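One structure below.
The values are calculated or read from the model by the stated rules, or taken from the named source; none is laboratory data. In this text, all values refer to a predicted model and were calculated from it rather than measured experimentally. Note that we place each Cβ from the backbone using ideal geometry, even for glycine, and neighbour counts take in every protein chain shown. Areas reflect the complete protein model, heavy atoms only, side chains present, ligands, DNA and RNA absent. Shrake-Rupley method; radii C 1.70, N 1.55, O 1.52, S 1.80 Å.
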Amino acid sequence: MPERATIAVFPGDGIGPEVTAEAVAVLEAVALRHGLALTFGTGTIGGAAIDATGDPLPPAELARARAADAVLLGAVGGPKWDDPAARVRPEQALLGLRKGLGVYANLRPVWTVPELIPASPLRREILDGVDLVVVRELTGGIYFGKPSERRTGPAGREAVDTLIYTEEEIRRLLEAAFALARQRRRKLASVDKANILSSSRLWREIAHEVRGRYPDVAYEDVLVDAMAMHLIRRPRDFDVIATENLFGDILTDEASMLAGSMGMLPSASLAGAPSPGQRCPGLYEPIHGSAPDIAGQDRANPLAAILSAAMLCRYSLASPAAAETIEHAVAAVVAAGHRTADLAAAGTPSIGCRAMGRLVRERL
């Protein structure tokens, strides 16, 4: 009997529906080859949900996500809803999904494709051979701490955000990062700001406790400001990078430039440590935004969404063979010289979102 799984699909806003449609089509095609029986259910969150219901994450859609084996997400947000003072915002759907699903470990792989190195602002000798994963804590830290508010104090307007981590939140993230390092090159860098922040001193203390159970993994502590520099100067030296929510948010956007475009980079947010052969509930999405300026024009790059679907196969379907089939197909398309507008050199022709998705499916 085929392996059965339910995938909740949230296309979202902007280019989200376009890139997600291509990712779903790739999943449907690869399922036929690898004996996967997939059922898809589509829901509405983000700005589109605000327009329809006034709620960026309606309860029925959170229930849909919780009932699924995995969630595939496009992107949310756009200028229409871009008022930081608004009571409801599309981004609240992301935070609500992450918290509601308990997906605490965000995996963002970054690697360089030789054919795309010219698209990066960095020199080839820095980029050749880069292959790293940032494991970012996703449901704690300053994004979720309370109080988080504006108020009036003795000196006038002031604002406060609270950075808080529990021992368990830190420990489980590091366990996931070490487990992933064992499946890769057995190197882990833990990023913190332990010279300044109490939360980082606790992070480092617990990291040193966890490392004792992984003597086969080479370990180092790196301050976040130093890591920001190292990612540009010597990115090849890193394998798995573990860090807290805010630091990971910033560092992964910086690291995306190593690949030349955010349009190439997927992500997986997992509710457990990755373990070969075992299914893990997860939320999968490209790291790029909704790009409303090109929405509906068939100009978006679907490869990050398609590669997110590959991660879904690897971690939530326990089908590494299906994941590799997708990844090899993407690599073949890029090696053949096909480029969407974000990857094409100035003055050279490019193809659209649908054409890129079709080319990937033809190579599965």
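Are there helices (runs of 4 or more DSSP H) fully within segment 280-364 with at least 2 residues that are hydroxyl-bearing (Ser, Thr, Tyr) and within 29 Å of ALA179 (Cβ to Cβ)? List them.
303-315
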Evaluation of GLY248 against (1) more than 14 Å from GLU137 (Cα to Cα); (2) in contact with a strand residue (DSSP E or B) (Cβ under 8 Å, 6 or more places away or on another chain) (one fails), failing number: (1)
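Among the residues of segment 43-91, how many are open to solvent by 40 Å² or more (accessible area, probe 1.4 Å) and part of a loop (DSSP other than H, G, I, E, B)?
9
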Scope segment 221-243; condition open to solvent by less than 10 Å² (accessible area, probe 1.4 Å), part of a loop (DSSP other than H, G, I, E, B) and of a type outside the set (Phe, Trp, Tyr); matching residues: ASP239
Filtered residues of segment 322-363 (kept if open to solvent by 50 Å² or more (accessible area, probe 1.4 Å), under 21 Å from the mean Cα position of the chain (by Cα) and not charged (D, E, K, R)): HIS328, ALA331
Positions within segment 150-181 being surrounded by fewer than 21 Cβ atoms within 10 Å (Cβ to Cβ), among the hydrophobic types (A, V, I, L, M, F, W, C) and in contact with a helix residue (DSSP H, G or I) (Cβ under 6 Å, 6 or more places away or on another chain), in sequence order: LEU163
Of the criteria (1) open to solvent by 20 Å² or more (accessible area, probe 1.4 Å); (2) within 19 Å of PRO17 (Cα to Cα); (3) in contact with a helix residue (DSSP H, G or I) (Cβ under 6 Å, 6 or more places away or on another chain), which one ALA291 fails: (3)
Selection within segment 10-19 - under 13 Å from VAL71 (Cβ atoms) and in contact with a helix residue (DSSP H, G or I) (Cβ under 6 Å, 6 or more places away or on another chain): PRO11
